[in-house]
Structure formats: structure tokens, C-alpha cells
1. Which condition number in (1) open to solvent by 50 Å² or more (accessible area, probe 1.4 Å); (2) closer than 24 Å to A:Glu136 by Cα is the one that A:Thr49 fails?
2. Being among the aliphatic types (A, V, I, L, M) and within 14 Å of another protein chain (Cβ to nearest Cβ) narrows it down to one of A:Leu69, A:Leu90, so name that one.
3. Filter region A:64-80 down to residues that are over 17 Å from B:Ser199 (Cβ atoms) and either among the aromatic types (Phe, Trp, Tyr) or in a helix (DSSP H, G or I) (or both), then give me how many there are.
4. Residues in region A:26-45 that are open to solvent by less than 60 Å² (accessible area, probe 1.4 Å) and within 12 Å of chain B (Cβ to nearest Cβ): how many?
5. Quick one: in region A:110-153, of everything that is charged (D, E, K, R) and open to solvent by 80 Å² or more (accessible area, probe 1.4 Å), which residue is farthest from the chain's Cα centre (by Cα)?
6. Quick one: count up the residues across region A:47-63 that are closer than 14 Å to A:Ile23 by Cα and in a helix (DSSP H, G or I).
7. Any residue in region B:413-440 that's away from chain A (no Cβ under 14 Å): show its pairings with residues that are among the acidic types (Asp, Glu) and assigned to a helix (DSSP H, G or I) at Cβ separation under 6 Å, as long as the two are six or more apart or on different chains.
8. Right, B:His266: more than 27 Å from B:Asn561 (Cα to Cα) and not in a helix (DSSP H, G or I) or not?
Amino acid sequence: MKQEFTISLFTEDHIGILGQITIILTRRQINIDSITASESAVTGVQLLTIVVSTTDEMIQKVARQMEKLVDVMKVFVHSSDQIIYQEIALFKISTKGLMSGNVIDHIVRDHHARILEVSPEYIVLEKTGHKTEITELLAQLEPYGVLQFARSGRVAITKQVKELNSYLKEMDEANRFKTEPTLN
Amino acid sequence: MKTVQEKEQATIEVNGQKHITGAEALLECLIEEGVDTIFGYPGGAIMPVYDKLMDYEDRLKHILTRHEQGAAHAAQAYAMVTGRPGICFATSGPGATNLVTGIANAFLDSVPVVFITAQVVSSLIGTDAFQETDIIGVSMPITKWNCQVKKSHEIPDTIAKAFYIAKSGRPGPVLIDITKDAQLEKLNFKYKKCDYIRSYNPHIPLHTKAIESAAIMINHAERPLILAGHGVLISGAEDELKAFAEKTGIPVASTLLGLSGFPSSHRLFTGMLGMHGNYGPNLLTNEADLIIAIGMRFDDRVTGNLKKYAKKATIIHIEIDEAEINKNVVVDVEINNDAKEALKYLIPLVKENSFEKWIREFRICDKTEYEKVIKPETIPEKGEIKMGEVVSRISEITKGEAIIVTDVGQNQMVAARYYKFNHPNSLVTSGGMGTMGFGLPAGLGAKIGRPDKQVITFVGDGGIQMTIQELGTIFQYNVPVKIIILNNNFLGMVRQWQDMFFDKRYASTELVNPDFVMISKAYSIPAKKVSKREDLNSSLQEMLASEGPYLLDIAIEKEGNVFPMVEPGASVSEIRLTY
Ligand SMILES: Cc1ncc(C[n+]2csc(CCOP(=O)(O)OP(=O)(O)O)c2C)c(N)n1
């Protein structure tokens, strides 16, 4: 059974790392639902958040393959209930349609959206939330003439307590007990 | 023109650091890493490096192959027989793309090769300049790591990192792409070997709990079987494997690349696994109640139909690459560690035991296989010469002391089946990729790596023609490798499949061949054609006794098939002895 997973990858800032990661998904025929890249809480460490739908078995395999990449530090896979996440969407709607009556007020209030800009031609709304909430708002706005719509990738924070820093420390310690690589 | 000495004096030292060009820095780095041999091919973008190579001739021997693919395979074979990374140079564009097959081959077989490619000057990158290809993009999925260098001062650290990554953990090829301007630019040279990368930790602490539970399972098993892979050789765990098998009395089977990790003549050795492996270990995999897989990856050529693979067995998997665990076969105990370290911890925990009844089952299978397949293949009384016969004679004459190199196809399977290996790392073959054309350049690389050993390369009449130009390299450097063409005038392995699965419709598999003896002689390599059984032994003896390189073109039965065989889609227990 396919389900939605959020992959959080902490990586070095190495050129080409995104390519290496997407190749792994492409080979396994997994579509990327959304992707965001940003700096993490640790300086110099990038955080990539990728949302995919696949099976439980397959996500374990691709996660291990990602973690194997030299420039990837740590990979976390979470189902949606293990994380707190948001997406942000911007809507550009024609003013004419929306200004009649109290429509705009209701919509903004009901959906916890925000008005960013109003001009005689268009209004720009912002909505932060889950994909389903954003799609609902989009559906509601459609009759009034949506001129543009853009939704961001997911940003996510895990509920688990152990942070990247402690993993980095563990990795450091493991390294101290290392032996010279033997090759015969 | 300046003399070499003048040039050397021109390298001034500032604060103990040499002020040298990127090209010189690259060569200094290689020397620091203990390199003495490079396989490669020059071209425009890499000329600054080649120019400096002349000044390092006393310390770095460069072998000019006839094609970059040959250089890549030779470097890989060199690494496989010496245990040290192979080094391969190529220029930008076509030089770099000619490496691709060789890089992929090293990647699939986990062999450390450091590939250095040159790139056009950095200001031209991205403009489709003359001989510019995006080799970083091209090689991304077939290298363990790759990196482009555009500034000379980045060369030492990048090379140090490349060596560390190539050698450690599960080894593999790395590629460093150096722009021409970085080769020419000067830097203050200082080298420090790399032993730590924050995002990469090949030194996995021992999973002692898992090993302890494995020991309990081993101590209670009734029909246990060890599957030994290439990882045994890579981690240098041959002695530990032997000690473990001898203490527990558990029979050992080997993957193709695992061959020579356990002596073929050992009483506990049951043979090779997989599609053309031995009867016993394939058949009895499905009777085992415990499988201890060490340094192997359950490739589909080993497992056959996964749905019917080892269903009666609990599986313990010792493997350094976590991504290989539970990839193809779901296992019961994961031991994500180096084979040698894991075995060292495991051996004291297991009890002394013996499984004579279980081993007798293997011996019964061996007898069947001997009567039905091995005897007619290795000691035929009449008819044309058979491949197995040639390999067997070589095995007997060399007493298992030679290094055997193969190409791909029937010649490869037969060489792996009938040579009796006595020493670790004495089989060099293309396992994961099955690259035709590997044999000849790999033979060259193996002989350069181990000049003290008799190196014999078996090739098909098809495969040799993919890289036959390397006879030129063998001639130029007088590399005394012995070449045996098992000549059936067919792309034998494909013909076998046509015979078995495509109604004997031999579509494009018959070859009209040149006179290989004449070709060899044109390169001044002594050669001889053998067609009669009575000439075989003396010709092999003559070849092995000769000082230099030698080529034997042996006419083999045209339509011989390799058996046993686990047909595609079949289970290992459905292995066939005939058809
Ligand atoms: C580069 C490459 N192309 C095609 C193949 C497919 N292939 C596998 S075995 C084989 C036939 C090899 O024939 P030959 O070299 O004469 O050896 P034989 O099997 O007769 O020993 C072919 C074409 C391959 N493995 N590698």
C-alpha cells in the first residue's frame, strides 16, 4: 500500500547533491510530490524536505540508498503524523469578482488566509496550512477567477526529541574508534 | 628549453611548502598516496598533467593503453590483485566518456579506482566548448563520489578525500574532474591524508547484540550454509572465514566474485552459487535452515526467482553496505558491519560442531554433477576441444597458483567453474556488469599489478574483439600475460540462450573471425592456433613456459553449452544439469 512520506535529508552543501538524490527516486519510479531546500539549524548543513508517496518497504530502501551518499549526513523518514508541517500558497484573484458583497471577508476569515495586496485589478491572498486546506481554498476561489496560484513545497519539523547535533556527535565518536580501512 | 634539474630548482619552497602547479600537485598527491602506476590516455585538456609526468618518470609509471576503456579496466584489475586503488587518467570530452563502461564496471563490483579526468578551462564550462562534456553529471550514478576542481589550491584536499572514499567502507570508483586552468595555476603545496569526513562514516561500530543472536542461531542450526561474497576478499577476512567455517563445520558456497576467498580444495567448500554455479549449493540453498551471508548482495544471478529462494532458512546477513540489507532478500538478522570485524567477534561465540550428514548431501550432488556435467566437459574422450577441458588443464598445470582473468560469457562461467583457486584475489572478472571486452585489458592490469604471478586471461572470440587493440599495450610494455581465446566462432553465451529459449534461431551470433594468430604476430606477440586435443597439453605448457606475452587461439566445440543452469525466472532448486 502506498502512503505519503516526508523525507528529511541533512546534507553537505556539495554541488550536485540534489541530482544524486533525485536519481535514486527516479530509478525506483517514485514521483516527487514536493521538495524544499534550505539551510538547517546547523551552519553549513543543508536540509532537504522531500514528499513522496510509496510503500513502506520501498521508502526504507531508498532512504538507505540516500544515506549511503557520501555527502548526505542523515536521512529521516516520517509519516505525516510524526511531523509538524506546513505549506504556503499564494493566490492572485481578480478584484472584480471577489469584491461583490462580503465574499472576500468570509473567505479570508473561514480559511485563516491573509490579504497581502489589493489593487483595482487583483487581490493577492496567502494561505499557510496543509495541502488539503490549500486545495479547498483554491476550489472555493475558482469561481471568482484565479489568475495565478503557487504552492510551496513542504517544510517540516519532527516531533522526535533527538536532534541532528546529537547524531553528528555520535558519528564523530564512532570515528574515534575506527581502524584503518583494510583492503586485500 | 629548461632541463629537468633547472625545473626542479625553479620550484621554490616557502615555509616548507612547495610552490608548484596544479598538475604537479596532482602527481605529488598520488605519490603521497603510495601510487606508482597510472593507466591512461592523453589529450588536449590533460596535457599539463602529462607534461609534468615526464618529470616524475622515476616514481610514476604511466601505461598508455589504446583506448580509455582499456585503461579503466586495467586500473580496476590492478586494484583487485594488489588491494591498492587503481589510477586512471583521461582527457575531457571523448576521453572521459570512453571511461564510462569502465567506471560503471568498477562501481558494480565495488573496486576502488581513482579516475582523474581533465576538463576544459573553467571560463568555458557550460558553453559546449570543444571537447566539453558534463562528466560529473554523466558519472554521478556510477561513482561512489565525484567532484570537479576549478582552483589549483583545492587539488590536495580533494585528492585526499577521493582516496579515502574510494578505499574505505564499501569501496568504489571516484572521479575527479580537473579544469585545465587549475592544472596550470600555481599553489603552495601541502598534503594531508584524509581520515575523516563529517557526512561519511565507514567505520560502523560492531552490532554486538545482533552478532550474539546470530551466534545462538548458528549454534542451534541443523542445516546451515555460509554464502561468501566479494566482501570477504575486500575486508581481508579469508582467515576469519576459514576459522569460522572450520570451527562450526558449516559448508561454504561462494558467489562468482567471492571465489578465491575460500580455498576451492577445502573439504568444506561446496562450490559456486548462481546461474551457472554448482549443483549442490544451488539446490541445497532451498534445503538449508540457516543461511549466513557474508559480504554479498543477493544479486538476481545468485538468487534466481526470489519468491522461491531459501524459504526454509533463517537468514543472517553480514554486510558493510546498509543499503544492501533487505534490498532483495528480507533477512532475519542484520549485521551491518565489516566482514572481518564481525567474524572476529562471532568466532568465539560459536561452538565447535560438524554437519557430516548435511555435507554428505552436497557430496551426493557433487557426484551427480561430476557424472553428468563435469566429467564429459573436462575429460572428454572424443570430439572437439571443450572449454572446461582447457580450464581444467590450466588449473592442473598451474596447481591453482595463477591469477585467472576472464572476459564475459561462456568463457567466464567455465573459467570460474573449473579453475581451483588456492589464493585470495586470484580471480579477476566482471561480475555485476558482465562487460565484454574486460578480459584483455584486465589481464594487462593484473599482470602489471602482480608481475610475480602467472596471469592467464580467458577470452571469447567475441569479447576479445571489443578491446583487441590492447595487444598494442601488451606489446609496447612487454607485459607477459598469457591470453587464451576460447574460440567457438559464436557469441557463445547468447547463442546458448537462443538454443535454449529462442528455438535455436541464431540471430546475429555467428562470427566470421580474423586470424587471431596473425593479429597477435603483427604485435610481435608469439601465438599459436590449437585445434587438436593431442596438441592441447603441450601448447598450454609451451605458453606457460614462455617468458613474454603469449596468445593461444584454441578452437572449441562450436555449440557447447554451459551447465548446470538456473534458467531465468526459475528457482535455484530447479537448477538443470542438462536440457
Ligand atoms: C559489452 C557487452 N555487450 C553485449 C553483451 C551481451 N553478451 C553477453 S555474453 C555475450 C557473448 C560473448 O561471446 P564471446 O565473447 O565469443 O564469448 P563466449 O560466450 O563464446 O565464451 C554477449 C554478446 C555483454 N555482456 N557485454
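1. (1)
2. Matching residue, one of A:Leu69, A:Leu90: A:Leu69.
3. Going through region A:64-80 one residue at a time, the tally reaches 1.
4. Going through region A:26-45 one residue at a time, the tally reaches 3.
5. Here the answer is A:Glu121.
6. 3
7. Correct list of pairs: B:Leu440/B:Glu470.
8. In short, yes.
The values are calculated or read from the model by the stated rules, or taken from the named source; none is laboratory data. Just so it is clear, the structure is predicted and the values come from calculations on it, not from any experiment. Neighbour counts are summed over all protein chains in view; Cβ atoms, including those assigned to glycine, are modelled from backbone coordinates with ideal geometry. Areas reflect the complete protein model, heavy atoms only, side chains present, ligands, DNA and RNA absent. Shrake-Rupley method; radii C 1.70, N 1.55, O 1.52, S 1.80 Å.
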